[in-house]
Amino acid sequence: MLTSFSRDGLTGSTTGKMSPRETEERTVKVNYFPTKILLATDASKDAIKAAQIASDISSVSGSELHVLHVGNTKDFHVAPGAEQSFSPRSPSLGEVREKAEKTLEEAVKQVEEAGGAVAGAHLRMGDPDDEILRHCEEQGDIGLLVMGSRGLGPIKRRLMGSVSESVVRHARCPVLVARS
């Protein structure tokens, strides 16, 4: 059914045609390709497919490709008296950040090896799903978020949680999850 707006209101017709002038006035140019793609990655072997997909979409659409890695500080904690006990030492925040910086460099290499050009590399520290969502909100113009999934089974996903599942549920932009 062809629906058009006239001065008299909304009209519907299955056989009516709009004049070229009316069509031109009512045509909204829609670009389905995002202008900025964010690849949220941990640079693992499971993330290679996501890097390839993000690179391909970016090159086909002419979009900027940005890479984000979140240094996971969930497990970082300082237990009182830990230095006096025989418990294993948890890494310092500086060590966690240093490891995250190296991982981000590896992620950028993955994208470049996949044929993509990285417009920006971003590092955040914290809970991965929260930081990915916060980064998207702060940037505001992310047209597509691409990330990998390890394909955890239902039991592991319930126990450990799934970053990609949380992001899909809460993101305000389209999310593409590449399963390995």
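The values are calculated or read from the model by the stated rules, or taken from the named source; none is laboratory data. Small disclaimer: the values here were computed from a predicted structure and weren't measured. Methodologically, a virtual Cβ is constructed for each residue, glycine included, from the backbone with ideal geometry; neighbour enumeration extends over all protein chains shown.
Before moving on, here are some points about what is shown:
- Meets criteria (of a type outside the set (S, T, Y), at pLDDT 90 or above and not in a strand (DSSP E or B)) for R134: yes
- Condition broken by V163, with the remaining ones in (1) at pLDDT below 95; (2) touching a strand residue (DSSP E or B) at 6+ places or on another chain (Cβ under 6 Å) satisfied: (2)
- Sole exception among (1) modelled with pLDDT under 90; (2) of a type outside the set (K, R); (3) within 17 Å of the chain's Cα centre (by Cα); (4) under 20 Å from A51 (Cα atoms) for G140, by number: (4)
- Residue within segment 19-33 that is within 30 Å of T103 (Cβ to Cβ), exposed (fewer than 14 other Cβ atoms within 10 Å of the Cβ) and at pLDDT below 95 present: yes
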